[in-house]
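Following: one structure in structure tokens, then a few remarks.
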Amino acid sequence: MALYIHALYTAIMMSMDRPYYKEPVFRPPSEADSLLIQATEGCTHKCTFCISNFGKKYIVRPVEEIKLDIDAAKRIHGPNVHRVFFLDGNAMSMPFDALLEITKHARETFPRLERVGVYACGEDVLNKTDQQLLALADAGLGIAYVGLESGDAEILKEVNKRTTPEQLVHAARKLMRSGITFSGTIILGIAGTDLKKSHDHAINTARMISQMNPDDNQTWYIGALTLMIPPHTAISTNVKAGRFQPMDEVQIVGELKTLIENIDDSVHDCIFRSNHASNYLVLKGILANEKQALLDQIDSALANPSRYLRPEFYRGL
């Protein structure tokens, strides 16, 4: 039966001559020009705030089907693809052998390929050995985007994450030691209007980021997103029931200030960004060199919100 299904899929793909995608498709902003290949569907997590994989069942697609999609993409786009991104919510969750095989196939198919990227959860990284990560890096896996969300243990539990801040630090440093670029995202406003929880979220997240600082000089990224309340999510249900009260834009920017202020000055080679469409204030800078400049921009925005903060209708996922 499995051989029959694979043969049928092969025939369909050859006749359609295009890769398969499970809608809706989400990818990091920095992968806008990348070839997207569906390696998994859905995500192993069901975070309270996430709409990206709503309604999708998590599956790992057969390796041969993924390789056929890569081949079909070459027929469409030619051999000069520079970047590939493996969908879906955390393709790093794939078994090592499968992820290694499709990464190698992408590099063999596109000789000018600079890197392959994936989304990852902390435990996806921790479940790979150091040797496996080194092999993936050698095959072409160049960047992993890890949803950190918060450095506060209680908030991580509340949003249905299965990792601790300590494990996230370990995962980040483990990726960087292997030569895979680490890009972590945190979420502003995820604590709601409870002032103590917001303060703890900012302080503990700053501490977590500081502890991720690699031993050697290599570029890494922290991106701040701002909480959205998509319909049909658990957090939207909590808002309707009065169990969660979202922050306004000024409170969120104040939380951002506390976060940046408390990241250790010894952090090096970290590019901090809040340029996602969900953010009210767009920032970008190298923390070691431009921390004060980032704080000055925040102070200007807090002093004159109507001038510096993005209007609500400009925000989106």
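The values are calculated or read from the model by the stated rules, or taken from the named source; none is laboratory data. Here the structure is a predicted model, which means the values were calculated and not measured. Note that each Cβ is placed from the backbone with ideal geometry, even for glycine, and that neighbours are counted across all protein chains shown.
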*Before we move on, is P62 at pLDDT 95 or above and not assigned by TED's automatic domain parsing to the domain that holds S274?*
yes
_Extreme residue, farthest from R207 (Cα to Cα), among residues of region 260-317 that are free of Cβ contacts under 8 Å to residues at least 12 places away in the same chain and not in a helix (DSSP H, G or I)_ = P311
*Can you spot a residue in region 215-234 that is buried (at least 20 other Cβ atoms within 10 Å of the Cβ), under 25 Å from K174 (Cα atoms) and in contact with a Leu (Cβ under 6 Å, 6 or more places away or on another chain)?*
yes
*Just to be sure, is T103 over 21 Å from the mean Cα position of the chain (by Cα) and of a type in the set (S, T, Y)?*
no
*Tell me which residues, restricted to region 75-93, are more than 29 Å from P231 (Cα to Cα) and surrounded by 18 or more Cβ atoms within 10 Å (Cβ to Cβ).*
V81, R83, V84
_Criterion violated by A72 - all others in (1) in contact with a Phe, Trp or Tyr (Cβ under 7 Å, 6 or more places away or on another chain); (2) surrounded by fewer than 21 Cβ atoms within 10 Å (Cβ to Cβ) satisfied_ = (1)
*If we scan region 201-213, do we find a residue that is closer than 30 Å to R112 by Cα, buried (at least 18 other Cβ atoms within 10 Å of the Cβ) and either touching a helix residue (DSSP H, G or I) at 6+ places or on another chain (Cβ under 9 Å) or among the aromatic types (F, W, Y) (or both)?*
no
*Can you name every residue in region 137-161 that is touching a helix residue (DSSP H, G or I) at 6+ places or on another chain (Cβ under 6 Å) and farther than 20 Å from I263 by Cβ?*
A137, A139, G140, L141, A144
*Can you tell me which residues in region 202-235 are over 25 Å from V282 (Cα atoms) and assigned to a helix (DSSP H, G or I)?*
A234
*Return the total of residues in region 271-312 being of a type in the set (K, R) and over 22 Å from the mean Cα position of the chain (by Cα).*
3
*Go over the candidates D130, D152, D138 one by one and state the one that is surrounded by 19 or more Cβ atoms within 10 Å (Cβ to Cβ) and of a type in the set (D, E).*
D152
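The rows are residues; the columns are (1) in a helix (DSSP H, G or I); (2) of a type in the set (A, V, I, L, M); (3) in contact (Cβ under 8 Å) with a residue 12 or more places away in the chain.
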position	(1), (2), (3)
F86	no, no, yes
G89	no, no, yes
I102	yes, yes, yes
R107	yes, no, yes
P111	no, no, yes
A144	no, yes, yes
K161	no, no, yes
